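Let me begin by presenting the structure, written as structure tokens, before commenting on it.
The values are calculated or read from the model by the stated rules, or taken from the named source; none is laboratory data. Keep in mind the model is a prediction, meaning the values are calculated, not measured. Note: ideal-geometry Cβ built from the backbone for every residue, glycine included; neighbour counts use all protein chains shown.
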Amino acid sequence: MHFMLRHIGFSVQNPRKAWAVTKAMNKYRKEHPVCEITGLSPVEVHHEKPVEYFPELAADPTNFISLYRRGGHLYFGHGGNWKWYVNNVRDVVRTVRITKPLNSI
């Protein structure tokens with residue numbers, strides 16, 4: 001018997017795996033507390049490769065990237081629409097990275 005546990009950020013068939021994903025994302029958030037583009041916080045952990053298409057990478061920290069919660073995640077990680085995803089988000093981060101924090105400008 002399978003049932004689908006759905007969450008905004010991921011969908012996993014096994015609740016234990018869902019807990020492992022949440023735990024891995026929380027650990028990554030603690031290790032990377034600022035946005036990798038803007039240097040601001042609070043952040044959301046974004047999956048570089050979407051869990052919908054790559055469920056085996058749901059808890060893999062190499063698939064995570066910290067993006068600013070207020071807009072950074074939506075625009076840089078999803079191209080402005082939550083139904084989309086940016087498949088080269090690491091390249092975007094390297095290209096757009098702000099070297100001086102916005103709050104000091």
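A few points about this structure:
- Residues satisfying the stated conditions in segment 78-98, i.e. within 15 Å of Val34 (Cα to Cα) and buried (at least 18 other Cβ atoms within 10 Å of the Cβ): Val93
- Counted residues, segment 63-95 - those being aromatic (Phe, Trp, Tyr) and in a loop (DSSP other than H, G, I, E, B): 3
- Boolean, Val51 is under 19 Å from Met25 (Cα atoms) and within 10 Å of the chain's Cα centre (by Cα): no
- On inspection, Pro50 does not qualify as assigned to a loop (DSSP other than H, G, I, E, B) and at pLDDT 90 or above.
- Matching option when the condition is surrounded by fewer than 19 Cβ atoms within 10 Å (Cβ to Cβ), outside any loop (DSSP other than H, G, I, E, B) and within 13 Å of the chain's Cα centre (by Cα), among Ala20, Ala24: Ala24
- Subset of segment 46-57 [touching a residue at least 24 places away in the same chain (Cβ under 8 Å) and either within 11 Å of Val21 (Cβ to Cβ) or surrounded by fewer than 19 Cβ atoms within 10 Å (Cβ to Cβ) (or both)]: His47, Lys49, Val51, Glu52, Pro55
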